[in-house]
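Everything on this sheet refers to the single structure shown next.
The values are calculated or read from the model by the stated rules, or taken from the named source; none is laboratory data. Everything numeric here is computed off the predicted structure, so don't read it as measured data. Here the Cβ positions follow ideal geometry from the backbone for every residue, glycine too, while neighbour counts run over all protein chains shown.
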Amino acid sequence: MKIKKPPVSDEIPTSSMADIAFLLIIYFMVTTTFAATRGLDFSLPPEDDTPPMVEKEEAVLIEIQSGGVFVVDQQTMQLSEILDYLKPKLERNPKKPVIIRPQPDAQYGYMVNVFDELRQAESKIGMKVDNISIPTQREIEMFWF
Amino acid sequence: MRLKARSVQNTGIPTASMADIAFLLIIFFMVTISFEVDKTSVTLPETNIRLEIPKQAAYVSITENGQIRVSSGEEISVPVPGPDEVLSFAAGVVQADPTKPFVLKADKEVPYQYVDGVVDSLKQAKAQVIYLLSMQDTVDDGGDGDESGG
């Protein structure tokens, strides 16, 4: 008796290809992290520059206290009021120095908020704040006392 | 007259293109994946101005409780005890590449004294530019988008 052989398929089996591909997708989805790659730039003075000598009285001093209290030239104000306060001073002197001085216990986020606000001066009040400095505690002790 | 038998309807779902779609998605993920040198979990401050940070920048991260980690941008970040070690790390990085940008990745709730120590170390190491890593500020209905007053 002749036994009939089952027909042999001449195609490459691709039914499991999608399973493999989806496994790879799941691997990449799980391992992918969306990295934050943007921020505020903060240029430091060149190495050979002598530290700019600024009289404390001539500059606008923005002190930041814990809890987000902003004291600008001894006046407490909201973040959104700082640029309005600065505008007439900048009109008189476009190079008016602005010093940001956060207290040691003030949260870092508030310093960034103030710096961001000053950097937006051009779009908000039409004038650029060119001279922003954030002295460190060591610099304050060296140059202010 | 003998009628021709109707063609048999295929009841299966066509899955031949499934693999193509899946491989397209794989290629997308492979292209967009980026390996972070610093995986420190922090809550970043929000800003409106956000500039693209150059690739291969050196990282200094500070967590909410003041723990510092550093990375030269080529390898995974390592913890350091304090700002003095940041100074020696940054001095080495600047010596190798004087124009190397530094990225400060600090938690927005960290007391400023920790950030002050790190910034001072970077200044002393003659770093030229520091990027303050931030998230996009969400603009509220008032339009100014600030969070003043705490």
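Structure data summary
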| read-out | value |
| --- | --- |
| Flag if A:Glu58 is more than 18 Å from the chain's Cα centre (by Cα), within 24 Å of B:Asp84 (Cα to Cα) and either buried (at least 16 other Cβ atoms within 10 Å of the Cβ) or modelled with pLDDT under 85 (or both) | no |
| Wholly within the stretch B:1-117, strands (runs of 3 or more DSSP E) carrying at least 2 residues that are more than 25 Å from A:Ile100 (Cα to Cα) | B:68-71, B:78-80 |
| Any hit, the stretch B:63-78, residues being hydrophobic (A, V, I, L, M, F, W, C) and within 11 Å of chain A (Cβ to nearest Cβ) | no |
| Tally, over the stretch A:120-136, of residues that are of a type in the set (D, E, K, R) and buried (at least 19 other Cβ atoms within 10 Å of the Cβ) | 0 |
| Scan of the stretch B:36-67 for residues that are more than 20 Å from A:Tyr110 (Cβ to Cβ), touching a strand residue (DSSP E or B) at 6+ places or on another chain (Cβ under 7 Å) and not aromatic (Phe, Trp, Tyr), ordered by number | B:Val37, B:Asp38, B:Thr40, B:Leu51, B:Glu52, B:Ile53, B:Ala57, B:Ala58, B:Gln67 |
| Enumerated helices (runs of 4 or more DSSP H) restricted to the stretch A:51-145, each holding at least 3 residues that are within 11 Å of chain B (Cβ to nearest Cβ) and free of Cβ contacts under 8 Å to residues at least 60 places away in the same chain | A:108-119, A:121-125, A:137-143 |
| Matching residues, the stretch B:61-83, being within 18 Å of B:Tyr112 (Cβ to Cβ) and of a type outside the set (Ser, Thr, Tyr) | B:Ile62, B:Glu64, B:Asn65, B:Gly66, B:Gln67, B:Ile68, B:Gly82, B:Pro83 |
| Considering residues of the stretch A:1-44 that are surrounded by fewer than 16 Cβ atoms within 10 Å (Cβ to Cβ) and of a type in the set (Gly, Ala, Ser) only, the residue farthest from the chain's Cα centre (by Cα) | A:Ser9 |
| Residue identified as farther than 16 Å from A:Arg38 by Cβ, under 16 Å from the mean Cα position of the chain (by Cα) and not charged (D, E, K, R) among B:Ala90, B:Ala106, B:Ala58, B:Ala22 | B:Ala58 |
| When residues of the stretch A:79-97 are limited to those that are within 20 Å of the chain's Cα centre (by Cα) and not small (Gly, Ala, Ser), the one surrounded by the most Cβ atoms within 10 Å (Cβ to Cβ) | A:Ile82 |
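Quick grid of which residues meet (1) touching a Lys or Arg at 6+ places or on another chain (Cβ under 8 Å); (2) modelled with pLDDT under 85; (3) under 30 Å from B:Leu122 (Cα atoms); (4) among the β-branched types (Val, Ile, Thr):
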site: B:Asn10; (1), (2), (3), (4): no, yes, no, no
site: B:Ala16; (1), (2), (3), (4): no, yes, no, no
site: B:Ser34; (1), (2), (3), (4): no, yes, yes, no
site: B:Asp38; (1), (2), (3), (4): yes, yes, yes, no
site: B:Asn48; (1), (2), (3), (4): no, no, yes, no
site: B:Ile62; (1), (2), (3), (4): yes, no, yes, yes
site: B:Pro98; (1), (2), (3), (4): yes, no, yes, no
